[in-house]
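Step one of this worksheet: look at the structure below.
The values are calculated or read from the model by the stated rules, or taken from the named source; none is laboratory data. Quick caveat, the model's predicted, so the values are computed rather than measured. With ideal geometry, Cβ positions are generated from the backbone for all residues, glycine too; neighbour counts draw on all protein chains shown.
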Amino acid sequence: MEPIQLPEWTALGPALLLAATAIALFVVDSISPRSTNRNVLAGIATTGSLAALGVAVWFSMAGVGATGVDGFGVIELFDGQFVVDQLALYFMIIVAVVTALVVVASYDYMAGHTYQAEYYSLVLLAATGMATMAAANSLVTIFIALELASLPSYALVSILKDNRGSVEAGLKYFLVGALSSAIFLYGISLVYGATGYLQLGNIASVIEAGDAAAYDGLLGLGILFLIGGIAFKTASVPFHFWAPEAYEGAPAPISAFLSSASKAAGFVIAFRVFTEAFPLEATAGVIGIDWTVAFVALAIVTMTVGNFAAATQDNVKRMLAYSSIGHAGYALIGLAGLSADGGELVMGAAMMHLLVYGFMNTGAFLFVALAEHWGVGRTFEDYNGLGRRAPVACFALAIFMFSLAGIPPLGGFWSKYFLFSSALEAGLLVVAAALVINSALSLYYYSRLVKAVWIEDPVLERDALTQPTGLYAAIVVAAVMTVVLLPGFGPVVDTALEAAAAIV
Amino acid sequence: MCVGFEAPNVTEMNDWIAIGALALVGLLIPLGMMAVSYLIRPSVPETSKRATYESGEVPTGGTRVRFNIQYYMVALLFLVFDIETVLLFPWAVVYLDALESDAVSLFEIMGPMVVFVAILLLGLGWAWRNGAVQWAQTPRQVEADRDRP
Amino acid sequence: MEGVFDYAPAIALFPLVAFVVVLAFGTYLPKKGALPGIIATGGSLLLSLVMAAAVASGEAYHETLYEWAAGDATSATGVEGVSFTFGLLIDPLAALMLVIVSLVAFLVHVFSLGYMNAEGETGLPRYYAGLGLFTFSMLAFVVADNLLMAFIFFELVGLCSFLLIGFWFRTKSAPSAAKKAFLVTRFGDYFFLIGVVAIAATFGTVAFAGDDSFVTAAETAIDGGDQLFGFDAQTWVTITGLLVLGGVIGKSAQFPLHTWLPDAMEGPTTVSALIHAATMVAAGVYLVARMFGYYALSPTTLAIIAFVGGFTALFAATMGVVKDDIKQVLAYSTISQYGYMMLGLGVGGYVAGVFHLMNHAFFKALLFLGAGAVIVIMHHEQDMWKMGGLKDKAPVTYYTFLAGALALAGIIPFSGFWSKDEILYDALIVGLEEPVIMAAYAMGLLAVFFTGFYTFRMVFLTFHGEPRSEVAEDPHPVGWSIKAPLLVLGVLAVVAGIANLAPVAKLAGVDITFLEHWLDGEYGAIEGLTYTAYGELLAYETSYIGSEQVTVLVAAGLSLLLAFSGAGLAWLLYNKPEPVAHTERLGSAGKVIEDNYYQDEYQVWLAEGLTLPLARAADRFDQTVIDGIVDGTSTASLFGSDRIRRLQTGIVTNYAALIVTGVIVLLLVLGFLGGWF
């Protein structure tokens, strides 16, 4: 088949579509600022995110950015400020999927809320930022994209203006975010100072040429600060402090959005920056140490802190927030394992995990959104006996929980299994052991939730629960995908490995 | 050999001394001025000197008053156009050269800027429509806002 | 006949389909699912006959159908990689066994129409589904081309026997008997499994036939004088062979794992017929025959097989003498007869063992089905002392049963005589050189007497004399579905001996040992799996009393004499109008025999006195040490969790401070490691 010839800039299609959707929402709201026609607004947002998803999947399938025989080669835009390869498309897919789920679920969750258009357009602007992060190929575009993703996020977290928790969470998120941005930016300036370039490929060539050898401490500090900025975005220790509070205070769909899509976007810049800009051996020659050491430490500490803190939480949303920190630790293995020859495998495994995580974690938070919609309360006890009233949603919840814990044969098991085996292959015994121990611990608190909804008796009798269409649809889709990803894991594995191979 | 090694080291040290001296001078000048004024000023304690505005006018309230939110709104909108200028300037500088060279077409050089300005205008329009530059509300508008929590 | 082997999988799959159909739709089918079973086993029988014809026309089949696991482990003999497959091996032995199994299964299905359907049993779909699965498992076991596949279906056979023995699960005894059968055979299978693993780990293959079979590999290893796992190759082959033999002893009910079989009589009699004649119990002996080349490499194993066989033959025969239940007598006769087969194989009489396996399949199926007929006639009374005089009331049953009895007792010219005589002859000629085999032979010979006695005691008590109960006077009529299988098997029991008239051949010098030629690959065969090939591997010396002819005459004469005297003694004691029990005359020995030599007791003691305390100790260890560690871990985790939780103070300035601290700590660590300062 003759490929359809498109201008080069359309390679950024998914991100552009998200941006266009956001603008369309502004236009609609400008035309009639007083009326909040939720159907139109949610419809536009859903259509836009689904269109972005479709285009991203289509590009990925068609081989845009693929380097193989049937691929079109990596597309560089704006003198290499952006790059569209399989990695970028893979993460655009994740972002678009989560955005679509969140937007659909928000239709019911945000019912009766004033700032409808603002809400949807902020979500899509943040998604635009995340999608742009996936394609950004220069430290400055990365920073701008990161801010584009972050600023709407702050507003979204505190969009429930009359809810003290929401506003407090938003402010905390903003303050920690400002600190982290400052650190990140400082890191960028240091790297620029040491190498004289902002574009990732040029930084790498300077380092490889040995021209940065004089600035070992400077470059090392810069890299460390970059890690800090990334750790903030991915909610990794020690930059994780915002996460439990922000996730708990934010509207639950936004928690889902931040913990899945935003985290994935953080990882894509981590993957790209550290593989493209700082080639392992050359960089180690300059700064005297493998930067993977930092990621090994971060991965272990992050998964341990996340899972241990999650174990004794009473509040479901907070438990999920900490579990999300734990999962960031798992995904960090993708960078920690790069030092060895199996780097491509281990990074592919981390990407698989992020995709599966995009479904199961979003689904879990959306269940919390559903519970908040019902108004059943926030603690484990409040969830007791929900299974009898809402079996479908609770069955989906069980799938999410078991998948998050990594129980076969669900999707979460396979991605964790790949992470584990590739970590072993990369020789990271300690990391692999930490992964196993933490997974075992995580089963404790995940199954606690399942036990609460299915086995425990409700504390007080409750009436029949409503079945909001949008929330239900999003939860069911997420559950189905969590399960379906298992037989369909072959293509996912291929895509993820291809995406990893694109940059390793 | 040995001498050649010493020499650059000394100059390097000199650089740092200069920087240190600059910092020291920068610190000493204001401190010295404050010290001198402290020494030579007369000491006449009076309550009106403690007032916020030492202009004979008696303040009507504390300094920590709430500003109308519209000040911030306008400031934010101003910032938007500030940034627009930052981008427009270099664009305008290269605009004519770009037109003369055949490397890029008119569409290519105009398009992005038009889109950029259009997006900003759209934002302005949205802010306007949502009341960002509205300093007072008619009773009808107040009525309509009632159901907006 | 080119290409007929493509249909070979269907032989096993027909009954599987019947199983699925009956399981799903059995309740709605006419005859509650009997018909699919009959059609399927009939189809299997036809195909088996086609296979036999194909083999007779000089072909054989060995094909791997599906590889379900492969690894790259290197075996002890240096073979790279091991793969586990499903494959078919149809050589003369398998073809013969296929015919036997499918024939018996077919007849049992037909018989069940009269035995189960006509008697208004409930749960028939479950019964026919079980039969279907049972037949499938056994047929698949027969055609298995490797040890692991054989093991899998060996286990399935065990599972099916569990299901069918426990068919009347509402009674107290049937579930218990089913459990016993399952557990005792499982005990043997445990060793089998270890044996499979050991063979796979040693030779890197589990194939029965071909150049890459473990038999060939073992032969090479022995010839090369290899050291395997710290033993010399011969010893290691013996060890692995004995491990596999564990499964055989359990399944074929050899001493000391025979205790499950008499209890298994709790199942429907048709099931007993199937288990004893063609499936479960036969599986053990068939396995020995299947991998005979491997055992032939190890004289020690063979001697053990022979001795266990001879001992079991005698041991079980003595117990059969005092039983009052018609099925119990048959049960002990089964154990005894399989002992003969083991003896035959153990002395290198591959043909003799297989010959007896075939004959026994026919006459034992006949006897069990006959007993089933008697039980139907007697309105489900099984005590022989309440029978009597059925001879005139049920002539078909009587004459067919008599034919089976004569074959079982080894009376010339019935089929049992020929095969049993050949086994004893093979044992004798080896025994003249090897004292251990001589002892085994002596026991086997002595068992002939007891066999004759208990067989005819059973015949006389059941059919002769006067009716000793009301039901015996007024028997229940039986239909064609019971009579037809009896007639078919009756004819076979009489004439099957023609297949291998070895004594006649030796005396008269006529070439009429058809089965020997069959198994020797004169028609079709797989290289290395022939009688001659096995004979070359065997290390036995043989000698004769005088000449070969004299030896044949002596052996045949001795066994015939003993058989006749046993039968005669039974005639003396029990062929009376009103026979009385003579057990008391045996005194304390009789008590011991009636209690089955306290085999059950000591095995129960082994379970309750030895295993149970061990299990309790393990449980205690688990409860205290393991659980303690686990609980401790969880307590520590939750405590740690509580601490980590408190990091989150809720105050942003603390967060900022912690973040900066974290970065500084990382900076210090990395800086020191990288030498930035």
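Structure summary
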read-out	value
Residues within the range C:476-500 that are part of a loop (DSSP other than H, G, I, E, B) and either surrounded by fewer than 20 Cβ atoms within 10 Å (Cβ to Cβ) or on the phi > 0 side of the Ramachandran plot (or both), tallied	3
Failed condition for A:VAL477, given (1) over 21 Å from A:PHE308 (Cα atoms); (2) part of a loop (DSSP other than H, G, I, E, B)	(2)
Residues of the range B:116-139 satisfying the condition of being more than 11 Å from chain A (Cβ to nearest Cβ), assigned to a helix (DSSP H, G or I) and modelled with pLDDT under 85	B:PRO139
Qualifying residue in the range C:20-36 (condition: touching a residue at least 24 places away in the same chain (Cβ under 8 Å) and under 23 Å from the mean Cα position of the chain (by Cα))	no
Single residue of the range A:407-421 satisfying the filter (surrounded by 15 or more Cβ atoms within 10 Å (Cβ to Cβ) and more than 21 Å from the chain's Cα centre (by Cα)) that is nearest to A:VAL450 (Cα to Cα)	A:ILE407
Subset tally (residues that are within 7 Å of chain A (Cβ to nearest Cβ), part of a helix (DSSP H, G or I) and under 18 Å from A:SER236 (Cα atoms)) for the range C:641-669	12
Qualifying residue in the range A:232-241 (condition: crowded, with 19+ Cβ neighbours inside 10 Å, part of a helix (DSSP H, G or I) and within 9 Å of chain C (Cβ to nearest Cβ))	yes
Subset tally (residues that are part of a helix (DSSP H, G or I) and either under 22 Å from C:ARG457 (Cα atoms) or small (Gly, Ala, Ser) (or both)) for the range C:541-566	12
Any chance A:LEU428 is surrounded by fewer than 18 Cβ atoms within 10 Å (Cβ to Cβ), touching a helix residue (DSSP H, G or I) at 6+ places or on another chain (Cβ under 7 Å) and of a type in the set (A, V, I, L, M)	no
Scan of the range A:167-201 for residues that are of a type in the set (A, V, I, L, M, F, W, C), closer than 27 Å to A:VAL84 by Cβ and within 12 Å of chain C (Cβ to nearest Cβ), ordered by number	A:PHE184
Residue in the range A:138-155 that is assigned to a helix (DSSP H, G or I) and modelled with pLDDT under 90 present	no
Enumeration of residues in the range A:277-300 that are closer than 22 Å to A:ALA350 by Cα, in a helix (DSSP H, G or I) and facing chain C (nearest Cβ under 9 Å)	A:VAL293, A:ALA294, A:ALA297, A:LEU298
Selection count, the range C:420-463, where residues are touching a Pro at 6+ places or on another chain (Cβ under 8 Å) and either in a loop (DSSP other than H, G, I, E, B) or within 19 Å of C:THR318 (Cα to Cα) (or both)	2
Scan of the range A:24-53 for residues that are within 25 Å of A:PHE82 (Cβ to Cβ), within 14 Å of chain B (Cβ to nearest Cβ) and crowded, with 21+ Cβ neighbours inside 10 Å, ordered by number	A:LEU25, A:PHE26
Which numbered condition A:LEU218 misses (of (1) touching a Phe, Trp or Tyr at 6+ places or on another chain (Cβ under 9 Å); (2) within 13 Å of another protein chain (Cβ to nearest Cβ); (3) buried (at least 24 other Cβ atoms within 10 Å of the Cβ))	(3)
From the options C:ILE275, C:ILE239, C:ILE222, residue that is crowded, with 24+ Cβ neighbours inside 10 Å and β-branched (Val, Ile, Thr)	C:ILE275
Hits in the range B:89-115 (condition: more than 13 Å from chain A (Cβ to nearest Cβ) and under 28 Å from A:ILE31 (Cα atoms))	B:MET110, B:MET113, B:VAL114
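Here's the yes/no breakdown for (1) polar (S, T, N, Q); (2) surrounded by fewer than 19 Cβ atoms within 10 Å (Cβ to Cβ):
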position: C:ILE629; (1), (2): no, yes
position: C:SER634; (1), (2): yes, yes
position: C:ARG645; (1), (2): no, yes
position: C:THR653; (1), (2): yes, yes
position: C:ALA656; (1), (2): no, yes
position: C:LEU666; (1), (2): no, no
position: C:VAL669; (1), (2): no, yes
position: C:GLY675; (1), (2): no, yes
